[in-house]
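Encoded as structure tokens, the structure appears first; notes follow it.
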Amino acid sequence: MFTVTADQVLPCTITGSWPRPRWMDESMWGRPLDTCMMDIRFREKFQDAMATLISDQERAGLDIVTHGDLHCDEDFAGRSWHHYPLQRWAGFEGDHLQSWATRSPWLKYPPGTMLNEIYTGWRWPRVVGKIEHRPLDYDKVWRIAQARTRRPVRFGTCCSQVMGLFLDIHTSAYRDKREVLWDMAVAMNEELLALKKAGCRCIQIEEPCFHFMANTYGQDHEEVKHYLDCYNREVQGLDDIEIWIHTCWGNPNMQRVIDNDSYAASLDMYMSQARGDVWTIETKDRGMREIELLAPYMKSKGKKVCIGVVSHRRLQVEQPEEVAAAIRQALKHIPPERLIISTDCGFGRQGCNRDIAFFKSVSIALGTNIVRKELGLPTTYVPAGDPALQMDLVADKPA
């Protein structure tokens, strides 16, 4: 159900994570949010940082904002994105290097590469018992964020399927990884239902991994079908809110993790079989390849598509006209009422710096306004692009 974008044409947003202010040097390290918030230093920094990152997004002119993944710890290469639920649910224990035998084939890299450094540096809990839900406090994090803006806050979370890629089983409670994935999906569903009950009307499920799995094993493989089943179980009961499905090709310290980055094998799974309303795809960093494959799905009612028009892997800030050109290319295959404008992936968790993230977001809004004007659509006010609000330029500008 389109609860946020129902009446919006070409809305702008970002994928999710946002660079922390330098003074936000607190992390949760597995503790409950309530425990952290009893520390007055954490409480002040966390709430002020949330207000700051939302203000950044509003000044950039984004129509839909996020909580910036501020609850995720500031750890190596963004491990906390996966790790946050694993630290808190029952059935997990310890911090261990994942065994080579259970590591996915696309997560094996030679020594001397950044990705080898990352995947041998990351440590994971082992499955040691029955996996059961314990609160992740997503509802509380969302309330803190939504209280600081009148724009809708989309809450994003790492999904259970991608977390399962890193787990070794050390218990008789499970016969194989498939059962682990299913119980994690059930646990995450309980958390998402609590988030919905809190009032959140837009939830983003991140990286169900059909595209990785289908490229590796084939779209008809039983493992791939099981991933789809687990994802659909994870979002059960959320039909009356807007569900986004985010996909990209990796973002540990801004790195692509696989060479075969084609969506072709998983296209129908995401567009037709996975429950949800919006599918977000990585396009800018891939040169807008395969955008034409979406055209047949636009002939009937269905999901909207959210494209990346700026790259999270590129330090150079894209200019608004470059953003507009990418949108025009997408509009050849996707009607404006089915198109959403965003980033390829998130900016934070040992990603790019805050200035780069901010001005890339400004370019998204300004570039989208160029196309909106061409189509005769209303534009969004972009405070960062207002000549009257520049700190120095206007006063010195000749009449």
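Things worth noting here:
- Across the stretch 322-329, coupling constants 3J(HN,Hα) worked out from phi with the 6.51/-1.76/1.60 Karplus curve, θ = phi - 60°, read 5, 4, 4, 4, 5, 5, 4, 5 Hz, and Gly and Pro carry x.
- Charge-dipole axis of the chain as Lys and Arg at +1 and Asp and Glu at -1 on Cβ define it, positive-most pick from Thr66, Met254, Ile241: Ile241
- Net charge, Ile241 excluded, C-beta distance under 10 Å - Lys, Arg +1, Asp, Glu -1: -2
- Cα gyration tensor shape for the stretch 33-396, rounded if a/c is under 1.5, else prolate or oblate: prolate
- Only helices enter the 222 nm calculation for the chain: every DSSP H run of n ≥ 4 contributes -39,500 (n - 2.57), and dividing by all residues gives -10000 deg cm²/dmol, rounded to 500.
- Which of His170, Ile370, Val141, positive extreme of dipole for the chain (C-beta unit charges): Ile370
- Charged-residue dipole, Cβ positions (Lys, Arg, Asp, Glu), the chain about Cα centre, Debye nearest 20: 320 debye
- For the stretch 33-396, averaging the sequence separation of C-alpha pairs within contact (under 8 Å, six or more residues apart) and dividing by the residue count gives a relative contact order of 17 percent.
- The Cys residues in the chain with no partner Cys Cβ within less than 4.7 Å of their Cβ are Cys12, Cys36, Cys72, Cys158, Cys159, Cys200, Cys202, Cys209, Cys230, Cys306, Cys352.
- Furthest towards positive pole of dipole, Gln47, Leu33, Gln57, structure part the stretch 25-66, Cβ charges: Leu33
- Net charge of neighbours whose Cβ lies under 13 Å from the Cβ of Val9, counting Lys and Arg as +1 and Asp and Glu as -1: 0
- Global geometry of the stretch 66-121, whether rounded, prolate or oblate, following the gyration tensor of its Cα atoms and the 1.5 cut on a/c: oblate
- Summarising the strand pairing of the chain, around 15 percent of its internal DSSP beta bridges are antiparallel.
- For Ala198 and Arg41, a Förster radius of 30 Å and the Cβ-Cβ distance give a FRET efficiency of 0.70, rounded to the nearest 0.05.
- Annotation: the residues Cys36, Cys12, Cys202, sorted from fewest to most other C-beta atoms within 10 Å of their own C-beta, follow the order Cys36, Cys202, Cys12.
- For the residue pairs Lys108/Lys303; Lys177/Lys197; Lys197/Lys304, alpha carbon separations beyond 32 Å are given by Lys108/Lys303.
- In this Cβ point-charge picture (+1 for Lys and Arg, -1 for Asp and Glu), the stretch 3-63 has a dipole of about 220 debye about its Cα centre.
Values in this text are rule-based calculations from the coordinates and carry no lab data. On a predicted model such as this, the values are computed, not experimentally measured, just so you know. Cβ sites come from the backbone with ideal geometry, for glycine too, and all protein chains shown count toward neighbours.
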